[in-house]
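Worksheet: the structure to be examined is printed underneath.
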Amino acid sequence: MIASKVKFAASLYALMSISFWGISFVSTKAVLDKLDPYTLLVLRFGIGALFLLVLLALKRYPLRISLKYIPHLIVLGILGVFVHQVIQATALLTINASAAGWIISFSPVFTVILSVFFLHEKMTVLKASGMIVAIIGVLLVTTSNNQQSFSSQSVLVTC
């Protein structure tokens, strides 16, 4: 019984995370009409940090991080969060949110390819099939409402 509650909660949190991430492209594009990318990022990170601090305080969760991990966390925070957000916000100045979503939806495909090259993971039939399904799914979703087929012109516009 407890395992199913935990699994349901984890699934719910994953769904919420993906939903907020998906909404971020549209909301960022809308806000960029009023703010420059760096002001937007400062506000976004400030609100996020404040929310997390309030959550930590309410839960009375002690924040204990070993000093030896601080440099790693700084590098991961800069590369994995800040640089990604700067690139996303800057790119959304020139392309539409659906094109950005289309490009970012290839992240799992690139992750598999990079893991094969850099981590020497094996490319299995299951992974290759998953990549093909992901690509087809992205193409179906992004071209279904446009009444246009996927063409080299649409690739040039999005890149």
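Computed from the coordinates by the stated procedures, all read-outs in this text should not be read as laboratory data. What you are looking at is a predicted structure, and each value in this text was computed from that prediction instead of being measured. Glycine gets a Cβ as well: all are built from the backbone with ideal geometry, and neighbour counts include every protein chain shown.
Just check the range 8-139 against the gyration tensor rule for me: Cα atoms, a ≥ b ≥ c as the square roots of the eigenvalues, rounded for a/c under 1.5, and otherwise prolate or oblate depending on whether a/b exceeds b/c.
On the way: a/c = 1.71, a/b = 1.22, b/c = 1.40.
Judged from the Cα gyration tensor, the range 8-139 comes out oblate (a/c at least 1.5, b/c at or above a/b).
Given LYS29/LYS122; LYS59/LYS127; LYS5/LYS59, which pairs have Cα atoms separated by over 29 Å? Display every interim value, and only then the final one.
Details: LYS29/LYS122 38 Å; LYS59/LYS127 40 Å; LYS5/LYS59 20 Å.
Those over the limit are LYS29/LYS122; LYS59/LYS127.
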- Query: Per-residue HN-Hα couplings for the range 49-62, Karplus 6.51 cos²θ - 1.76 cosθ + 1.60 at θ = phi - 60°, whole Hz, x for Gly and Pro?
  - Reply: 5, 4, 4, 5, 5, 4, 4, 4, 5, 5, 7, 6, 8, x
- Computed E for TYR38/PHE117 - FRET, C-beta separation, R0 35 angstrom, nearest 0.05: 0.55
- Query: Between VAL109 and ILE95, what is the spin-label point distance in nm, taking each point 7 Å from the Cα along the Cα→C-beta axis?
  - Reply: 1.3 nm
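Subtracting the Cα-Cα distance from 0.36 nm times the residue separation, let me have the gained length for LEU53 to ILE136 in nm, one decimal. Show your work: numbers first, answer last.
On the way: separation 83, 0.36 × 83 = 29.88 nm, distance 4.09 nm.
Here the answer is 25.8 nm.
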- Treating cross-link reach as a plain straight distance, find the lysines whose alpha-carbon is under 25 Å from the alpha-carbon of LYS68, omitting any fewer than eight places away in the same chain. none
